[in-house]
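Here is the structure we will look at, set down as structure tokens.
The values are calculated or read from the model by the stated rules, or taken from the named source; none is laboratory data. Predicted model only: the values in this text are computed from it and were never measured. A quick note on method: Cβ atoms are made from the backbone with ideal geometry, for glycine too, and the neighbour counts reach across all protein chains shown.
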Amino acid sequence: MAVSTISWRACRRTSARRSGRSGASQRGRREFRCLEGAQIGDSDWDFFYRCYERTYLEHGNAPYLKRDFFRRMARDMPGNWLMFIAGRGGRPIAASLVAIDGSGPRVAYGRYWGALERVDCLHFEACYYQPLQWCIANGYRRFEGGAQGEHKMARALMPVRTTSLHWLAQPGLRRCGQPVPGARGNGHRRLLGTSGTAQPLPPRQTLMLQTMGRVMVSRNRR
């Protein structure tokens, strides 16, 4: 049965509101620390990687980034990272990491994440709501939620077309890989074609949200 655009939007907005209310109800029992750049100490990086590694292993995968990668990032690009650490009862339980570019248009790129405990809606709070709130307060113009995940569309993180370049050195592997970009491209085109109707906020509310963001930014600059 086809779902109309209006009811689809209402359903998604209801889901987002429900997760937001659940997160809000939990905030009295958990707190967040926001660390930027040089504020992120070695123990914070260690804790983040512990969460990051554990979450990958729980899903049956090995983490594709090693601790040494984040050690080098802390050494070579310390000003380009933003970390949120969630705690409960004075004990840290989860962390998310966002890359930030304060030059030019000011963009934040999400996100790496991990948790030591399963808490309802903690993922959305640490990876989306907290970073978005920080971006608005600090005058960042864009927040990239990361690749994949159509559930992000329910939180107004809409897909946009981008470009990537791939070269496979091994000839046999190159032949096997050739059909993949076309197949994925068709799926991407279908997704982009429906993103307008999938927008969870109607244009008027989107404009109001943008205006509220500008007001919050101007207040924080005073």
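So, of the residues in region 22-33 that are of a type outside the set (S, T, Y) and surrounded by 15 or more Cβ atoms within 10 Å (Cβ to Cβ), which turns out to be modelled with the highest pLDDT?
Step by step, filter region 22-33, then rank; the result is F32.
I100: part of a strand (DSSP E or B), over 17 Å from the mean Cα position of the chain (by Cα) and touching a residue at least 12 places away in the same chain (Cβ under 8 Å), yes or no?
It is false that I100 is part of a strand (DSSP E or B), over 17 Å from the mean Cα position of the chain (by Cα) and touching a residue at least 12 places away in the same chain (Cβ under 8 Å).
Could you tell me how many of the residues in region 161-177 are touching a Leu at 6+ places or on another chain (Cβ under 8 Å) and surrounded by fewer than 10 Cβ atoms within 10 Å (Cβ to Cβ)?
Summing the residues that are touching a Leu at 6+ places or on another chain (Cβ under 8 Å) and surrounded by fewer than 10 Cβ atoms within 10 Å (Cβ to Cβ) in region 161-177 gives 1.
Of all helices (runs of 4 or more DSSP H) completely enclosed by region 119-208, which ones contain at least 1 residues that are at pLDDT below 80 and touching a helix residue (DSSP H, G or I) at 6+ places or on another chain (Cβ under 7 Å)?
Values: elements: 130-137, 171-177, 179-198.
So the answer is 179-198.
Test each condition in (1) surrounded by 12 or more Cβ atoms within 10 Å (Cβ to Cβ); (2) assigned to a helix (DSSP H, G or I) for G79 and report the one that comes out false.
Answer for G79: the failing condition is (1).
So M73 fits all but one of (1) within 26 Å of L157 (Cβ to Cβ); (2) surrounded by fewer than 17 Cβ atoms within 10 Å (Cβ to Cβ); (3) free of Cβ contacts under 8 Å to residues at least 12 places away in the same chain; what number is the exception?
(2)
I'd like the residue in region 42-78 that is among the small types (G, A, S) and either in contact with a His (Cβ under 6 Å, 6 or more places away or on another chain) or over 14 Å from L97 (Cβ atoms) (or both) and, out of all such residues, is modelled with the highest pLDDT.
Per the criteria, the residue is S43.
Could you check how many residues of region 50-90 are more than 18 Å from D120 (Cα to Cα), of a type outside the set (A, V, I, L, M) and more than 17 Å from the chain's Cα centre (by Cα)?
18
Residue-wise test of (1) outside any helix (DSSP H, G or I); (2) touching a Gly at 6+ places or on another chain (Cβ under 8 Å); (3) not β-branched (V, I, T).
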residue: S43; (1), (2), (3): no, no, yes
residue: G60; (1), (2), (3): yes, no, yes
residue: P63; (1), (2), (3): yes, no, yes
residue: F69; (1), (2), (3): no, no, yes
residue: R72; (1), (2), (3): no, no, yes
residue: I85; (1), (2), (3): yes, no, no
